[in-house]
Amino acid sequence: MTKSIFIIGEVGINHNGDMSICKQLIDVAADAGCDAVKLQKRDIDLVYSKEMLDSPRESPWGLTQRDQKAGIEFGVEQYSEIDQYCKEVGIEWFASAWDTKSQIFLRQFNCNYNKVASAMIICKDLLKIVADEKKHTFISTGMSSYDDIQTAINIFKQADCPFEIMHTVSTYPMNDEDANLNMIKTLRDKFQCDVGYSGHEAGLAISYAASALGITSLERHITLDRAMYGSDQSASVESHGLYQLVGAVRKITKAMGDGKKRVNKDEMLIAEKLRSHINKLK
């Protein structure tokens, strides 16, 4: 029987720093049947330069990049509320850290999973502290070479940390012709490990196709409205699409079967009916 695909609703930063929106997205993911929701955690003073943070950017939070970046970050109070809310709703949550300080920050919540974002796959210091936690880790591979991926895998294997890699194309939204879904098999054959898919496309068709190619996990950004403020919103799935996606992926998983030819009982009954005349033709 085909293994169930672990479906992740990527809240990311689509909550726009608003706990009400965040909880609504958690509700949508839980109601749709996702296995987990994922967020993103950054220390903006470590991830971005002072010059960048001080540069102008008009946003709902102010007139600088710092205002915008700080406005969409959650701290310990908000993450504690998320942790409690997910327990009440009955869905797993975890987050991708964009710096080592943020990864250490996340440890206090004892999440069952970790995520390495495509941007961070080349950060060995982060990879090592994630791998040391020995939690099942999803490693996205966008913007990465085979050598980058192999280096990350080696770190996780040396730490005896369970992992899977995720085929990813890091454009938002991704053009359909850039999906290159045949990379799923290529990655699985080359690295001899489980492979998932983290999609940034508009629509659902490519995710359906990926689900039929033996992926073990599927991650899609989710939003309440693709027209909302935010860089990831246009590459996200709205609530009605998420319901459709999860339902279809579960059906696809069941439909894949084991690849062994057999005639089931219902077919045998039909065969008797449709072939009953054959002896008369002899």
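Read the figures in this text as sums done on the coordinates, not as results from a lab. Computed from a prediction, not measured in an experiment: that's the story for all the values here. Quick reminder, even Gly has a Cβ in these numbers, built from the backbone with ideal geometry, and neighbours come from all protein chains shown.
Kindly evaluate T186 against the criterion of being among the β-branched types (V, I, T) and more than 24 Å from N14 (Cβ to Cβ).
yes
With the requirement that a residue be crowded, with 16+ Cβ neighbours inside 10 Å and more than 11 Å from the chain's Cα centre (by Cα), what does segment 192-206 give you?
Correct list: C193, D194, V195, E201, A202, L204, I206.
Regarding D160, is this residue buried (at least 18 other Cβ atoms within 10 Å of the Cβ), charged (D, E, K, R), free of Cβ contacts under 8 Å to residues at least 60 places away in the same chain and farther than 20 Å from E219 by Cα?
It is false that D160 is buried (at least 18 other Cβ atoms within 10 Å of the Cβ), charged (D, E, K, R), free of Cβ contacts under 8 Å to residues at least 60 places away in the same chain and farther than 20 Å from E219 by Cα.
Within segment 231-282, track down each residue that is of a type in the set (D, E, K, R) and outside any helix (DSSP H, G or I).
D232, E238, D258, K260, K261, R262, R275, K282 - these are the residues of segment 231-282 that are of a type in the set (D, E, K, R) and outside any helix (DSSP H, G or I).
Just to verify a result, which residue in segment 163-191, among those that are assigned to a loop (DSSP other than H, G, I, E, B) and not hydrophobic (A, V, I, L, M, F, W, C), is surrounded by the most Cβ atoms within 10 Å (Cβ to Cβ)?
P173
Is at least one residue of segment 149-156 touching a Leu at 6+ places or on another chain (Cβ under 9 Å), without any contact (Cβ under 8 Å) to a residue 60 or more places away in the chain, among the hydrophobic types (A, V, I, L, M, F, W, C) and within 21 Å of V246 (Cα to Cα)?
no
Specify the residue that is farthest from the chain's Cα centre (by Cα); the eligible residues are those in segment 127-157 that are in a loop (DSSP other than H, G, I, E, B) and buried (at least 19 other Cβ atoms within 10 Å of the Cβ).
S144
If you scan segment 74-99, which residues turn out to be free of Cβ contacts under 8 Å to residues at least 60 places away in the same chain and either of a type in the set (D, E) or closer than 20 Å to W61 by Cβ (or both)?
Correct list: F74, G75, V76, E77, Q78, Y79, D83, E88, E92, W98, D99.
May I ask you to list the residues in segment 18-44 that are closer than 18 Å to L106 by Cβ and crowded, with 17+ Cβ neighbours inside 10 Å?
C22, I26, A36, V37, K38, L39, Q40, K41, R42, I44, listed by residue number.
When only residues in segment 227-282 that are of a type in the set (S, T, N, Q) and closer than 29 Å to I13 by Cβ count, which is nearest to the chain's Cα centre (by Cα)?
Among residues in segment 227-282 that are of a type in the set (S, T, N, Q) and closer than 29 Å to I13 by Cβ, the one nearest to the chain's Cα centre (by Cα) is S236.
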